[in-house]
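Worksheet for the structure shown next.
Read-outs throughout are calculated quantities, based only on the coordinates presented, and are distinct from any laboratory measurement. It should be emphasised that the depicted structure is a prediction, and the values quoted were computed from it without experimental measurement. Ideal geometry is used to build each Cβ from the backbone, glycine not excepted, and the neighbour counts take in all protein chains shown.
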Amino acid sequence: MADFKYEITQELGVLSESKSGWTRELNLVSWNGAAPKFDIRDWAPGHEKMGKGISLNGEELAKLKQLLDKVED
């Protein structure tokens, strides 16, 4: 697997935390020096390891918000 770089440019919030201490977070993340994207994924304490996740640009995040606003509790 090729090396990649990431920088969490803004921590927006924690969605949940597991018993092991990993947290599912919404952050702005720059991947390989590119413009930051909204990112949802699991992180180990200290952000030294990460799980699989999804990155969204601003337009995709706005569309996701519209879809979530339609979901009833």
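For the reader, a short list of remarks on this structure follows.
- Simple spin-label estimate for Leu28 and Ser16 in nanometres, 7 Å along Cα-Cβ: 2.7
- Taking every Cα-Cα distance in the chain and sorting them into 10 Å bins from zero, the calculated P(r) comes out as 18, 47, 29, 6, 0 percent.
- Put in line by how crowded their Cβ is, counting other Cβ atoms within 10 Å and starting with the fewest, Glu72, Glu17 read Glu72, Glu17.
- Placing pseudo-labels 7 Å out from each Cα toward the beta carbon at Phe4 and Arg41 gives an inter-label distance of 0.6 nm.
- Cβ-derived FRET efficiency at R0 25 Å, Lys52 paired with Glu72, nearest 0.05: 0.35
- Over the residues of the chain, the helix contribution to mean residue ellipticity at 222 nm works out to -5500 deg cm²/dmol, using -39500 (n - 2.57) for each DSSP H run of at least 4.
- Close Lys-Lys pairs in the chain, where close means Cα under 22 Å and separation is 8 or more or interchain: 11
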